[in-house]
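A short reminder: the numbers here are calculations on the coordinates, not readings from a lab. It should be emphasised that the depicted structure is a prediction, and the values quoted were computed from it without experimental measurement. Reconstructed Cβ throughout: ideal geometry from the backbone, glycine too, with neighbour counts over all protein chains shown.
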Ligand code: VTB
């Protein structure tokens, strides 16, 4: 993939973030998601790529836009797989909490796992901890290894876990070992990526979240040289059948980072919607809005932060939307 593509993709997540940001705290997660999807879809129409959505808003019959299998981009080479989450953290935006991002990963056709929409057990760490943790190792062992690798006391290690009843045992085990925990309400992509990001305050992400989000996190960690391991966590027979239909015959197999994103040519972009471990959220002033976007390419290993200052009056998509919100 040409490096210029990375900047084109940044515009795509910026558009989604700007659209979703109008909905912060308004209690309407569907509207927030719809706005992000519409903006992302519209911006894709100008990107020089022959893209196929492999992780998106759902199957064709459940999503009008960015559905799995949908073609995006203007249709010229390169042929790429696209994984999107226009609004990672719909509840976060609805309630005005921290941690929402608009995110996109791209890799050559056939190189991102077509993950079924179900739960996935995950562990994500940064480069120093690569090869030192294992999804199936006891929590105590993993946290001690992370502490050693990062030259910290275990009491200084920070673990991010989704605040869910299913994680009660995991949380108890982490507390027994003495590590710090940051419980999050939603949105496990941003802390998963942050685990590999210097000074983010996150050392490791653990627990069960969405499988599509897992593939997106793996793509990001490929760019950062971090590690990610995962196992699908189907809850019913129907989900097991779904795995088989999607070509995953051994449902309980462990996926390494290189199996989730097989290519070494990955682009990852994310724009902050609300403040998160990774990025600042959208800020407004004087009919302008400032966005922060993380842009990474695994081939070069470059990590860019793009701070963009947008003139909202010159962006019809957002201008009309803002006027509509004001009138209503
Ligand atoms: C995570 C998180 C998402 O779902 O995957 C989580 O990254 C897992 O699902 O933002 P549950 O909410 O059922 O626990 C989200 O929070 C929402 O899709």
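Structure summary
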| quantity | calculated |
| --- | --- |
| Length-normalised contact order of region 186-299 in % [C-alpha pairs under 8 Å, at least 6 apart] | 26 percent |
| Tilt relative to the chain, helix 139-150 - C-alpha long axis, 0 to 90 degrees, to 10 | 70 degrees |
| The chain shape via C-alpha gyration tensor axes, a/c threshold 1.5 | prolate |
| On Cα atoms only, tilt of 211-224 relative to the major axis of the chain in degrees | 90 degrees |
| The chain - mean residue ellipticity at 222 nm from DSSP helices (-39,500 (n - 2.57) per run, n ≥ 4, rounded to 500) | -10000 deg cm²/dmol |
| Contact order normalised by residue count of the chain, Cα under 8 Å, 6+ apart, percent | 19 percent |
| Candidates 71, 130, 152, ranked by Gaussian network fluctuation over the chain, Cα under 10 Å, top entry | 152 |
| Cα gyration tensor category, rounded, prolate or oblate, for region 119-260 with a/c compared to 1.5 | prolate |
| Cα-based helix-to-principal-axis angle, 168-177 vs the chain, degrees rounded to 10 | 60 degrees |
| Part-to-part distance (alpha-carbon centres) for region 154-177 and region 244-285, which is given in Å | 22 Å |
| Listed residues 264, 117, 311, most fluctuating in the chain (Gaussian network, C-alpha, under 10 Å) | 311 |
| Residue exposure sequence - 197, 67 - by fewest surrounding Cβ within 10 Å | 67, 197 |
| Shape parameters for region 7-67, alpha-carbon atoms, Rg then Dmax in Å | 12.0, 36 |
| Overall form of region 176-264 per C-alpha gyration tensor (a/c, 1.5; a/b vs b/c) | oblate |
| Separation between Cα centres of region 66-110 and region 1-20, rounded to whole Å | 10 Å |
| Relative contact order, percent, region 119-260 [alpha-carbon distance under 8 Å, six or more residues apart] | 33 percent |
